[in-house]
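Please read the structure below before turning to the comments.
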Amino acid sequence: MKHKFWLLIFAVLLAPLSAAKAPLPALAKTAEEPNVRVVNMVAERFFFVPSRITVSAGTTVKFNIRSADTNHGFRIRKAGINVVVPKRGGGETKVVFHATQKGRYDFECSKPCGAGHNMMRGTIIVK
Amino acid sequence: MRFHHIVLLLLAASGLLEAQVTPEAQQKRMEEMERRILLLEEQIRQLEGKDAPEPGAQAASPPEIQATAAQGAQADAVLEPVLPPGPVPAGPGPNDEPAAREPTSQTLAATGDQPPDAQLSVPSMDDLASSETRLPVSGYMDFHFNKVRNEGSQLDMHRFVLLFGHSFTDRIQFWSEIEIEHAFVSGEGELGELEVEQAFVDFLVKPWLNFRGGMLLAPVGIQNERHEPPSYQGVERTFVDTFILPTTWFDSGAGIFGDLGNGFVYRAYVMSPLDASRFDAGEGLRGGRQKGFQSVTQNVAYTGRLEYHGMPGLALGGSFWTGNTGFSVPGINPRVRVLEFDGRYGISRFELRGQFADVDISQTSQLNTFLQRSAGVNPNIARNMRGFYWETGYHLRPRHLPHDVLAFFRYENFDTQRKMARGFLPLRQFDRQAWVLGATYYPEPDIAVKFDYSILRNESSIIKPHNSLNLGLGWWF
């Protein structure tokens, strides 16, 4: 009986992971612009979804970022980008990032958003 | 003043050199000097804190200046001319506020590929000054009205919390959270509390491996690290997060954290342990928190959390905490092991969340016996405690709107006397269930006006808990 209980708990918690293996709608190449990657990003206490983006050098990354709760910031220090992502219902922020040099570009929330603000980070990897 | 002297010396030196070149070259150098002066003026304004971002001022600034500011800050990227009309984003300023913008669609273009322009390079001191940025103060407040049946009502300024941080460099950052509970702190025991719940420094190395040390929140459960009033339903925190998991659970420690990719993130810390001599039957581990007050580290605790949030709207987590806790009870060193799972999912207008927590404590027979002899009262500490809850919420308006009402129902089951050591009987009044029904009105996303009615039941035939009516006003800024 005890084992069944634990199995049930695991099943309930892990079931959505199988769905997570499906291609994410957050990343898409536009048909008209093969070197453009559109990233529909959600900022929420205390993470970005997606939090890791891998693109080829020469790609233009177009971020459409919206918040699910409060104001967040989106900063890529190495690129000098630092913008507000407005609160839920406040629209979305669009950022265009020309990834023509290989490397790692960390991004982070630059607007304090709660107790876990420092956990809110992500990475763009340009290969 | 030292910086001003350097600026003047640079300008003087440039002027002396100019006298030795041709008129064409001189003209070119003059243009270059003007650019440099603009750049230096911008740097001076930043150092003097006179360039706090103001939407109007940013909109009026020419794009060239914005680009220069950004390049001075990072030296390897240039903002392109701003594409759309309207407010222009600024580079990082001294208070680290991102560019304030209209709450509509916004566009910024930047390159991550351009090498530093030698003509626009700035002294390394300036680079350092630009990368050291200061965050503004934020915080949250929680004001409650509670009416427990057959008891008097009360108004309580439950929490007044300020958060602030500082970036020493791009890779070394400080973050903190200071809380006043119940508005008034006398130092005489029974009134409010003034607590440093977080104060740590992050050393950022790789996305998957970073280091953290200081006063930390134990990464256990949903609400311990995520407790801003607009982010949870109900006036008070859940019973499971009060009696099974002792939120807010914080102590000194150090550890690692990072992003493993594919939506998985982790945190793993070594922290000060709990004090077993202060556990009890009704509130479990809660009294055993050392809270960083000269924490005894005769033992250490290990804690960690793995989270998945690879899909919008979905967050899953699992956490553990384990450590010996007997430093103040001679000859007895009970081991506490906490295991926890949680999940949150938002789809359409529904918000679903659930949490399960299980606590095992060893040597409770010896511990209860010792504490009974020393204090005269048997604390009846259980060897196992368990709690879980599930909650369903429904947005009465489409979830993307800022003006929202969310109705919710939560069922909680929590037992701090689930299993006892041989020779000890469980106190049935601590085997409890709660049905919490309520609603949260969001006049805007950072303000939550809350109402709930909590129905409490237990397994005792003698001692009965009382239902309560709760109203709350909480906000984040």
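We did not get these values from a lab; they are worked out from the coordinates using the rules stated. Note that this is a predicted model, so its numbers are computed, not measured. So basically every Cβ, Gly included, is an ideal-geometry build from the backbone, and we count neighbours across all protein chains shown.
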*Among the trypsin sites (Lys or Arg not before Pro) within the stretch B:370-464, which fall in a DSSP loop and have no more than 13 other Cβ atoms within 10 Å of their own Cβ?*
B:ARG422
*Where in the stretch B:208-230 is the amide nitrogen less than 20 Å from a point lying 7 Å along the Cα-to-Cβ axis of B:TYR345?*
B:221-223
*For the stretch B:217-325, state which chymotrypsin sites (Phe, Trp or Tyr not before Pro) are in a DSSP loop and have at most 12 other beta carbons lying within 10 Å of their beta carbon.*
B:PHE293
*In terms of modelled amide H atoms, which long-range or inter-chain residues lie less than 5 Å from the amide H of A:VAL36?*
A:THR30, A:THR60
*So which of A:LYS78/A:LYS102; A:LYS102/B:LYS206; A:LYS62/A:LYS127; A:LYS111/B:LYS450 end up more than 20 Å apart, counting from Cα to Cα?*
A:LYS111/B:LYS450
*How long is the stretch B:135-476 along each principal axis, judged by its Cα atoms, biggest number first, in Å?*
58, 51, 42
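Are there GluC sites (Glu not before Pro) in the stretch B:186-293 that DSSP puts in a loop and that have at most 12 other Cβ atoms within 10 Å, and which ones? Working shown, then result.
Details: sites: B:GLU188, B:GLU190, B:GLU193, B:GLU195, B:GLU197, B:GLU225, B:GLU236, B:GLU283; in loops: B:GLU188, B:GLU190, B:GLU225, B:GLU236, B:GLU283.
Sites meeting the loop and neighbour criteria: B:GLU188, B:GLU190.
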_Calculated Rg and Dmax of the stretch A:25-126 using C-alpha coordinates, Å_ = 13.0, 42
_In order through the stretch B:241-257: 3J(HN,Hα) via Karplus (6.51 cos²θ - 1.76 cosθ + 1.60), integer Hz, x for Gly, Pro_ = 7, 10, 9, 9, 9, x, 6, 7, 9, 9, 5, 6, x, 7, x, 10, 7
*the stretch B:390-477: relative contact order as a whole-number percent, Cα under 8 Å and 6+ apart*: 24 percent
_Average beta carbon contacts from partner chains per residue of A:62-72, 10 Å cutoff_ = 4
*Rounded to whole Hz and in sequence order, give me ³J(HN,Hα) for the stretch B:330-347 from the Karplus expression 6.51 cos²θ - 1.76 cosθ + 1.60, θ = phi - 60°, writing x for Gly and Pro.*
x, x, 10, 9, x, 9, 9, 10, 10, 10, 8, 9, 8, x, 9, 8, x, 9
*So who's got an amide H within less than 5 Å of the one on A:PHE48, skipping anything under 5 residues away but keeping other chains? H placed 1.01 Å off N, in plane.*
A:ARG121
*Once amide H atoms are placed 1.01 Å from N in the peptide plane, what residues at a sequence separation of 5 or more from B:ARG432, or on another chain, have their amide H within under 5 Å of its amide H?*
B:PHE414, B:ASP415, B:THR416
_Residue by residue through B:397-408, how many Cβ atoms from other chains fall within 10 Å of the Cβ on average?_
2
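Compute the signed sum of charges (Lys and Arg +1, Asp and Glu -1) over the other residues within less than 14 Å, Cβ to Cβ, of B:PHE239.
Numbers: positive: B:ARG237, B:ARG286, B:ARG386, B:ARG410, B:ARG432, B:ARG457; negative: B:GLU236, B:ASP241, B:GLU283, B:GLU391, B:GLU412, B:ASP415, B:ASP431, B:ASP452.
Summing Lys and Arg as +1 and Asp and Glu as -1 gives -2.
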*asked:* Explain nothing, just the number: relative contact order of the stretch B:135-476, from Cα pairs under 8 Å at least 6 residues apart, as a whole percent.
replied: 14 percent
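Counting only C-alpha contacts under 8 Å and six or more residues apart, can you give the relative contact order of the stretch A:25-126 as a whole percent?
Relative contact order of the stretch A:25-126: 29 percent.
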*Round to the nearest 0.05 the FRET efficiency obtained for B:VAL185 and A:LYS102 when R0 = 45 Å and r is the Cβ-Cβ distance.*
0.25
*asked:* Within 10 Å of each Cβ in B:194-200, how many Cβ atoms from other chains are there, averaged over the peptide?
replied: 1
_Along the Cα→Cβ direction, 7 angstrom out, place labels at B:LEU306 and B:ARG337. What is the inter-label distance in nm?_
1.7 nm
